[in-house]
Amino acid sequence: MPTKIDMAKFAKFCKDMGFIYQSSEIYGGINGFWDYGPLGVELKKNIKEAWWQDMVRNPPPGPDGQEIRMVGLDCAIIMNPKVWVASGHVGGFADPMMDCKASKKRYRADQLEALSADAGGKTVYFAYPKGDDEAQKVAGKKAKKANAKPGATVAVMSIPDLIAALPIIVGPDVEEAGTLTEPRAFNLMFESHAGPIASEENKVYLRPETAQGIFANYRNVLDSTRLKLPFGIAQVGKAFRNEINPRNFTFRSREFEQMEIEFFCHPAESMKWYEYWRDLRKKWYSTLGVKSENLVPREQGKEELAHYSIGTTDIEYMFPFSDEPQELEGVAHRGDFDLKAHSAPPPKGSGNDKLNYFDEERWNADSAGRSTNSFKEWLKTSPPAADVEKYQFTPHVIEPSAGADRFTLAVLCEAYTEDEVPDAKGNKETRVVMKFHPRLAPIKAAIFPLVNKDGMPEKAMALYRSLKPHFNVFFDDKGAVGRRYRRQDEAGTPFCITIDGDTLKDDTVTIRDRDTLKQERVPISQVRATIERALTPGC
Ligand code: ATP
């Protein structure tokens, strides 16, 4: 992988192995919701822990070799709904919108009508905005030009019909079919009510991203930590989006987890930090075993950028269900959009004017020749705005925003391998092996007594117990050793440790490497260190 595979077959493998199950399957399932089984939950936990360790606790030095200051947060999923007004998630855009990839125009899906036409036995739709006579005429002309025999006028199609017909719809401002994207509601938020009464005033939302909890706590974090710019705040947590068309296994779900960083910096240094995070985030995936040819960083074109964004790079992955790389993570330069939005006066923002930054060091350094050392007093002298902004300004924000579930899916796809190995009789047999990076592998090592006698089970159990406090290890004394190896290969366990007759004599065991199949004899006392070495970040 990831060569093209049948995702239904792959989903079945994931289910059979206990990686991922369809949520509420016994009731027929529910579209867009997934559960992680015994192996899946370990894999996803390892992914989130690796991210936290490498980005929050131990990020590499910054662009000038400086230490990076990162702290974490864990915010409530439900926030004051005003947060979502300020962020722009609640607004006039609750309608399903379609974008045209060629013209870059956006249309309301529930307002597109079409002329159907028969082009050489094939149906084509020429779309135009409902009620726009001029556009309707243009659609008619386009049909004529394509030598298509006019059919009936199709009033607004249902969303599923629209999705099904996308490849044969010619958008209003283009000549070719297939350039319209699927309809997506701008406001994808799930609603609920806080309190016993389901009234408009009690309406709340399940957060569609974790980022806003970070912006809403920016001042709290500054006050409680006394951090100085630049610094980052990180959060891992659930997000919910009522996607119109969840698909491609867990890729587009309605409930998922994000791993987000908001990195606050001086505006003048923001491009440097944007490049730093863009490069670091791509590299991170490679250090966890994703082949670089499957990872594609894609700088968004100017026309694609969100209105507030100065630059965005999508880190994309060649998922095996698609010909095109798909987004794993977005690294966005968000400027000062979010902090400014939250500090705007009500009803649009909170009115909190403290969502800025006072550069005390610079203020003190420039004290020569100033009549007062109090910034407040100095402001009363009406200094020019440019001078004030030298000391007090709204930081710029770089946002690397990754999906824990999307990366879990990418890791599963990347790890899945079929190869041939010799069986007990030396014949070739096909095995499925999940080649997880050891840091991400759900089980780090399996411990086998070769046979269930002669003191081997007791010795094996003692080793298992000594490793258990440190790693997720598995004890297996059932069946032939060859079969036990296969089971662990399918689970992606990097090491299988066998206790045999020699162990009882000289306290050594064999460690079998999942990928090379090499068996090495090592003293029992070194088993823990061997596993630890493989789990060291960067290895
Ligand atoms: P997409 O264009 O694929 O919908 P997005 O640009 O809306 O994604 P962001 O808002 O930037 O996504 O969210 C950051 C990350 O969260 C994405 O890169 C992705 O990994 C994850 N993510 C977003 N939507 C979903 C979803 N519906 N299911 C699973 N993961 C998601």
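Among 121-130, 174-183, the peptide with the highest mean count of other Cβ atoms within 10 Å heads the list, and the full ranking is 121-130, 174-183. In this structure, the pairs whose alpha-carbon distance is over 20 Å, taken from K44/K444; K354/K380; K48/K340; K238/K283; K82/K105, are K48/K340; K238/K283; K82/K105.
Here segment 172-219 and segment 237-292 have alpha carbon centers that stand 18 Å from each other.
For E329, the residues 5 or more places off, or on other chains, whose built amide H falls under 5 Å of its own are I315. In order along segment 32-42, the phi-based Karplus estimate (6.51 cos²θ - 1.76 cosθ + 1.60, θ = phi - 60°) of 3J(HN,Hα) comes to x, 10, 9, 10, 9, x, x, 7, x, 5, 5 Hz; Gly and Pro are listed as x. Segment 460-529 and segment 52-109 have Cα centres separated by 44 Å. Packing-based ranking of 448-459, 514-525 yields 448-459, 514-525, ordered from highest to lowest mean Cβ neighbour count within 10 Å. When the inverse distances between all different Cα atoms of segment 389-512 are averaged and flipped, the Kirkwood radius reads 17.1 angstrom. Relative contact order for the chain: what is it in percent, counting Cα pairs under 8 Å that are at least 6 residues apart? Answer for the chain is 13 percent. Residues in segment 242-253 carry Karplus couplings, in order, of 7, 4, 5, 9, x, 6, 6, 6, 8, 4, 10, 10 Hz; the curve used is 6.51 cos²θ - 1.76 cosθ + 1.60 with θ = phi - 60°, and Gly or Pro positions show x. Each peptide among 220-230, 192-202 gets the average number of other Cβ atoms lying within 10 Å of its residues, and from highest to lowest they stand as 220-230, 192-202. Could you tell me how far the Cα centroid of segment 9-24 sits from the Cα centroid of segment 339-406, in Å? First find each Cα centre; the distance between them is then 50 Å. Phi-derived couplings, Karplus 6.51 cos²θ - 1.76 cosθ + 1.60 at θ = phi - 60°, listed residue by residue for segment 325-342: x, 10, 5, 9, 7, x, 10, 10, 8, 9, x, 9, 3, 6, 5, 5, 4, 6 Hz, with x used for Gly and Pro.
The value of relative contact order for segment 427-539, using C-alpha pairs under 8 Å at least six residues apart, is 30 percent.
Beta bridges per DSSP, both residues in segment 383-539: antiparallel share near 65 percent.
Cross-link reach is defined here as a Cα-Cα straight distance under 17 Å, omitting same-chain residues fewer than 8 places apart; for K101 the lysines meeting it are K302. Stretching the chain fully between N427 and T530 yields a gain of 34.0 nm (0.36 nm per residue, less the alpha carbon separation).
If R0 is taken as 25 Å, the Cβ-Cβ distance between K228 and A368 corresponds to a FRET efficiency of 0.70. With a simple spin-label model that places each label point 7 Å from the Cα along the Cα-to-Cβ direction, the separation between E49 and D454 comes to 3.6 nm. Counting only protein heavy atoms and a 1.4 Å probe, the chain has 49 square angstrom of accessible area per residue. For S87, no residue 5 or more places off, or on another chain, has a built amide H under 5 Å of its own. For a distance above 35 Å, tell me the whole-number percent of Cα pairs in the chain that qualify. Summing the P(r) of the chain above 35 Å gives 51 percent of all pairs.
The values are calculated or read from the model by the stated rules, or taken from the named source; none is laboratory data. The model shown is predicted, which means the values in this text are computed figures rather than measured ones. All Cβ positions, glycine included, derive from the backbone under ideal geometry; neighbour counts span all protein chains shown. Only protein heavy atoms, including side chains, enter the accessible area calculation; ligands, DNA and RNA are left aside. Shrake-Rupley method; radii C 1.70, N 1.55, O 1.52, S 1.80 Å.
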